[in-house]
Amino acid sequence: MAENNKDLKQLKIKTSSLTRIQKEYFGYKQEEQKQQERIGKLKAQNADDADIKKQEEVLEETFQMYPNIIGRLIDAVNDLQNWLDGKKNDPLIQTSNEKQIAVDAIINANEFLQAHNPAQ
């Protein structure tokens, strides 16, 4: 029984990791929007070119995070799916609510990846 509790805990951790990475993407999207607004405001105020350039560099750093996040999300989906596949004969896992939450997270992440990953 203790092993099964560890398995359920591991399942929750892997599922949480998957959803956290997806949320991270949206956090960077919000940061991107704010940064673009900041740059627009600076340009409208005829701010110093160096200030504008610095803010554009910050925006570029945000853009550079997207491939990293997508890669980590793909890895997390594969890791969770492989873990679930390895537990197909575990009745506690197969009948748990956590398993359905994990499957839903995988489906959601795969839909997200189809919509946001130009490499697919």
Among LEU8, GLN36, VAL77 - extreme Cα towards positive end, dipole of the chain, charges at beta-carbon: LEU8
Peptide ranges 32-38, 16-22, 48-54 listed from the most packed, as the mean C-beta count within 10 angstrom indicates: 16-22, 32-38, 48-54
Out-of-range pairs (alpha-carbon distance over 32 Å; input LYS23/LYS53; LYS23/LYS99; LYS29/LYS88): LYS29/LYS88
Rounded accessible area per residue of the chain, 1.4 Å, Å²: 66
Label-reachable residues, region 70-88, where backbone N falls under 11 Å from a point 7 Å from TYR25's Cα toward its Cβ: 70-75, 77
Cut-off 11 Å, label 7 Å out along Cα→Cβ of GLN33, residues of region 59-75 by amide N: none
Nearest-20 debye value, region 42-120 charge dipole, Cβ charges on Lys, Arg, Asp, Glu: 340
Candidates per trypsin sites (Lys or Arg not before Pro) in region 55-120, loop by DSSP, up to 10 other Cβ within 10 Å: LYS88
With every protein chain in place, the chain: carbon and sulfur % of accessible area (1.4 Å): 49
Acute angle (nearest 10 degrees) that the helix 49-86 long axis makes with the longest principal axis of the chain, alpha-carbon atoms: 10
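The values are calculated or read from the model by the stated rules, or taken from the named source; none is laboratory data. On a predicted model such as this, the values are computed, not experimentally measured, just so you know. All Cβ positions, glycine included, derive from the backbone under ideal geometry; neighbour counts span all protein chains shown. With ligands, DNA and RNA removed, areas are computed over all heavy atoms of the protein, side chains included. Shrake-Rupley method; radii C 1.70, N 1.55, O 1.52, S 1.80 Å.
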